[in-house]
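Q: Can you read through this structure? Questions will come right after.
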Amino acid sequence: MGLIAAIVEAVFGGGRNVIRETAEVFRENAESGAARGADARAQAMQQFGAEFAGQRRSRFDAIMDGINRLPRPMMALGCIGLFIAAMVAPVWFAERMQGIALVPEPLWWLLGVIVSFYFGARYQAKGQAFQRDIARSLSRAPQVVESIEDLRGLRTPDSRVGAQDETGADANPALRDWGRDRGAQR
């Protein structure tokens, strides 16, 4: 028995686990790796949230944002207006379309590039603003989790299903009756 105890003491003694320590040389400890990953993500989110915290938009930014919102509705309403004009005043509409037919093709290509860049830049700006909003929301996640834990701590022992009172009996009368009926059936 002394030999086995000496081997176990050599492998597991002194608060160490030689087998685990040796295995961790070849394979990462999954639990420690997950903890390090969670810490890295939390720090990145805090840094990202701090970068955009407290930014206020100026009146100029709000006005320019409003102006930037005009082209899409104006183009949509303009197309609908052309359909209405074609039905209401076909001669007037035909005169205008003859004028558009005289526009050279390179000018149409230029218009296409301008519209594409406008909508592409707008899409990118709105996407970045959306990412900032998500980062701001995610930076609040630890506070929400803490609040939920605080609220769960306010629960009384009697509010849990299967809770027992001081005598050891079920505090829930329905569970007490159910248990009595199950005991009678056996």
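The values are calculated or read from the model by the stated rules, or taken from the named source; none is laboratory data. The model shown is predicted, which means the values in this text are computed figures rather than measured ones. Neighbour counts are summed over all protein chains in view; Cβ atoms, including those assigned to glycine, are modelled from backbone coordinates with ideal geometry.
Q: Of PHE12, PHE52, which residue is of a type in the set (Phe, Trp, Tyr), within 30 Å of ARG136 (Cβ to Cβ), in contact with a helix residue (DSSP H, G or I) (Cβ under 8 Å, 6 or more places away or on another chain) and modelled with pLDDT under 90?
A: On the way: PHE12 fails: within 30 Å of ARG136 (Cβ to Cβ).
The conditions single out PHE52.
Q: Please state which one of ASP165, ASP177 is modelled with pLDDT under 80 and either surrounded by 10 or more Cβ atoms within 10 Å (Cβ to Cβ) or among the hydrophobic types (A, V, I, L, M, F, W, C) (or both).
A: The unique qualifying residue is ASP165.
Q: Taking the stretch 47-65, which residues are within 27 Å of the chain's Cα centre (by Cα) and not in a loop (DSSP other than H, G, I, E, B)?
A: Result: GLN47, PHE48, GLY49, ALA50, GLU51, PHE52, ASP61, ALA62, ASP65.
Q: State all residues of the stretch 23-49 that are closer than 20 Å to ARG132 by Cα and surrounded by 11 or more Cβ atoms within 10 Å (Cβ to Cβ); if no residue qualifies, say none. Give the steps one after another, and end with the answer.
A: Looking only at the stretch 23-49, we keep the residues that are closer than 20 Å to ARG132 by Cα, and these are 40-49.
Those that are closer than 20 Å to ARG132 by Cα and surrounded by 11 or more Cβ atoms within 10 Å (Cβ to Cβ): ARG41, ALA42, ALA44, MET45, GLN46, GLN47, PHE48, GLY49.
Q: Looking at the stretch 66-82, which of the residues that are of a type in the set (A, V, I, L, M, F, W, C) and in a helix (DSSP H, G or I) is nearest to ARG140 (Cα to Cα)?
A: Within the stretch 66-82, the match that is nearest to ARG140 (Cα to Cα) is ILE67.
Q: Out of all the residues in the stretch 18-29, is one or more in contact (Cβ under 8 Å) with a residue 12 or more places away in the chain, in a helix (DSSP H, G or I) and in contact with a helix residue (DSSP H, G or I) (Cβ under 9 Å, 6 or more places away or on another chain)?
A: For the stretch 18-29, residues in contact (Cβ under 8 Å) with a residue 12 or more places away in the chain, in a helix (DSSP H, G or I) and in contact with a helix residue (DSSP H, G or I) (Cβ under 9 Å, 6 or more places away or on another chain): absent.
Q: Okay, next question. Is there a residue in the stretch 138-149 that is loosely packed, with under 10 Cβ neighbours inside 10 Å and assigned to a helix (DSSP H, G or I)?
A: Yes - at least one qualifying residue is present in the stretch 138-149.
Q: Given the structure, is VAL88 at pLDDT below 85 and surrounded by fewer than 12 Cβ atoms within 10 Å (Cβ to Cβ)? Steps first, answer last, please.
A: Numbers: at pLDDT below 85: no; surrounded by fewer than 12 Cβ atoms within 10 Å (Cβ to Cβ): yes.
No, not satisfied.
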